[in-house]
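Okay, so here's the structure we're looking at.
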Amino acid sequence: MSSIGRIRGFSDILGQEARKFRFMEDRAHSVFSRYGFRELRLPMLEHTELFARSIGSDTDVVQKEMFTFPDRKGRHLTLRPEATAGAVRAYIEDKLYSGGGLTKLFTVGPMFRYERPQKGRQRQFHQVNAEAFGSASPLLDAEMILMLWTYLRELGLTDLTLQINSLGCRECQPVYAERLQDYLAHTDRSRFCADCQERAQRNPFRLLDCKQSQCQELMRGAPSMLDSVCSDCRSHLDTVLDSLQQLGIPYEVNSGLVRGLDYYQRTTFEIVSGAIGAQSSVAGGGRYDDLVRQLGGPDHPAIGFACGMERLSLLLEDPGPEVTDFYLAVLDPEGFSEGMRICEELRRKGWKGEMNQETASVKSQTRHAHRLGARFCLFLGQEELARESITVKDMSSGQQSQCGKEHLPDMLRQ
RNA sequence: GUGGGUGUAGCUCAGUGGUCAGAGCACCAGGUUGUGGCCCUGGGAGCCGGGUGUUCAAAUCACCUCACCCACCCCA
């Protein structure tokens, strides 16, 4: 009989990898809560319409990367490909704005995109997300980036680059699109790569960040997005950049930074690593000032970001072996019930440890204690039962002594 | 969706037509009748990813298929 394997692009996160994930989650809670963010737990399944309307029905994500299927009553459901749409839905539906002022939320969990897996990319992947609603101030943008930067630093990551850009707003984005089209109209399109020739009609912004050298060459003379944004957008960006500078956060303005989700406006940013392969972006985000209103909520501006946990994990050092306080080796079946009581007493005192449930040689049990990284190996055999004591072996020094079981907790404390 | 690479023991891999398929590491046991790390000895373990074909003979050659990896695309 053949065994059933996991689904393509879905992985079991275990051992050291699981510990890294735990670490990233713990740091997110700790850092984000210091900035006033509250945790939000969202469903993984939403109406397909939510994503089509927020991410944009022409985007690659919606066009070809979603896990979409009908439920038993024929409703169109989709496993979330990203978190912002669901957060905005909750913001509106649960009236999270009712307290007035800023609403700051973060969420951690799996996302799903039907793409071909490769390094740093899975079909089920995990993100840490933060979203702040209710202010259009550029200072909020700077604070969000500061929080993200701080988070990454507290994970121990330093060799990262912050790229930032402005995509313009409702007013100036179309103006730029037009200027870009004009430029393309006067360029020999046949010299672009096949992909770019297609993109020229559908999404000309994408030509800006094509990696093909001939396309980059051709786009060198293209009008810059930053030169086309309106004065409000320009001063917004300048304030953000100014704040970043004052905060000591290094950045690179990248006018080719185009994001693939339609809702982004004005400030967009990305954190990039050169050490994890082609999928180099470990975090990304930006403003989405019109999205809440577009989804039927109040006209509240917002900004958010997402961190890819699998990609961050590639940069984290292995946490090293786990250690434990004690291992209790029961050497005689007579001792099992007494052993259980002793273990439980120690655990109640906060010590971490375990015991055997099946008899095995003293040698193999001592070896087992060693592998567990136990600080102490406790022996309970006929001698100890007769003497009503425990043999305690300090695994690092190799020294051992007898100990009454009431003194065990003190023994471990040393 | 497209391209390239790789599938042999738990892991890393050797083995390119010919006895019952190998190594290192890991695991288990013994050497030490109640003691870990080092050393020595032994042991368990593999439909050689799956299928079809060529051949007297296939892990090895051909075709198909599946999976994984990397890249394109796109994004976290």
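Quick note: the coordinates plus some simple rules give every number you see, no bench work behind them. These numbers were taken from a predicted model, which means no experiment stands behind them. Because the Cβ atoms are built from the backbone with ideal geometry, glycine has one as well, and the counts that use them run over all protein chains shown.
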| query | Distance from the Cα centre of region A:323-377 to that of region A:138-205, in angstrom? | reply | 58 Å
| note | By the C-alpha gyration tensor axes a ≥ b ≥ c (rounded if a/c is under 1.5, else prolate when a/b exceeds b/c, else oblate), the shape of chain A is prolate
| query | What does the highest-first list of A:109-117, A:404-412 look like by mean Cβ count within 10 Å? | reply | A:109-117, A:404-412
| field | Inverse of mean 1/r across different Cα pairs in region A:324-413, Kirkwood, Å | value | 12.6 Å
| Hey, rough spin-label estimate for residue A:41 and residue A:3, points 7 angstrom out along Cα→Cβ, what's it come to in nanometres? | 3.1 nm
| Where both partners of a DSSP beta bridge lie in chain A, what percent of those bridges are antiparallel, to the nearest 5? | 80 percent
| How much length, in nm to one decimal, is gained on full extension between residue A:348 and residue A:30, taken as 0.36 nm per residue of separation minus their Cα-Cα distance? | 111.8 nm
| Cα centroid separation, region A:1-69 to region A:231-310 (Å) | 20 Å
| Estimated inter-spin distance, residue A:60 and residue A:279, nm [label 7 Å along Cα→Cβ] | 1.2 nm
| request: Report the calculated FRET efficiency for residue A:185 and residue A:116 (r = Cβ-Cβ distance, R0 = 25 Å), to the nearest 0.05. | output: 0.15
| said: Over all directions, the average projected area of the alpha-carbon convex hull for region A:158-202 comes to how many nm²? | reply: 5.1 nm²
| note | Summed over the other residues with a beta carbon less than 9 angstrom from that of residue A:243, with K and R at +1 and D and E at -1, the charge totals -3
| note | Proximal lysine pairs in chain A, meaning Cα under 24 Å and 8 or more positions apart or interchain, come to 15
| query | Averaged over all directions, how much area does the convex hull of the C-alpha atoms of region A:287-373 cover when projected, in nm²? | reply | 11.4 nm²
| GluC sites (Glu not before Pro) restricted to region A:281-359 and DSSP loop, no more than 11 other C-beta within 10 Å | A:317, A:322, A:358
| said: Can you compute the helix-only [θ] at 222 nm over chain A? Use -39500 (n - 2.57) per DSSP H run of at least 4 residues, normalise by all residues, nearest 500 deg cm²/dmol. | reply: -11000 deg cm²/dmol
| Efficiency of FRET between residue A:358 and residue A:23 - r from beta-carbon atoms, R0 41 angstrom, step 0.05 | 0.75
| field | Dipole moment magnitude, nearest 20 debye, region A:221-303 about Cα centre, only Lys, Arg, Asp, Glu C-beta charged | value | 140 debye
| request: Return one number: the angle in degrees, 0 to 90 and rounded to the nearest 10, between the long axis of the Cα atoms of helix A:362-372 and the longest principal axis of the Cα atoms of chain A. | output: 30 degrees
| request: Work out how far the C-alpha atoms of region A:149-301 reach from end to end along every principal axis, then list the three figures in whole Å, largest first. | output: 48, 41, 28
| Charge tally in the Cβ shell below 9 Å around residue A:59, where Lys, Arg are +1 and Asp, Glu are -1, residue A:59 excluded | -4
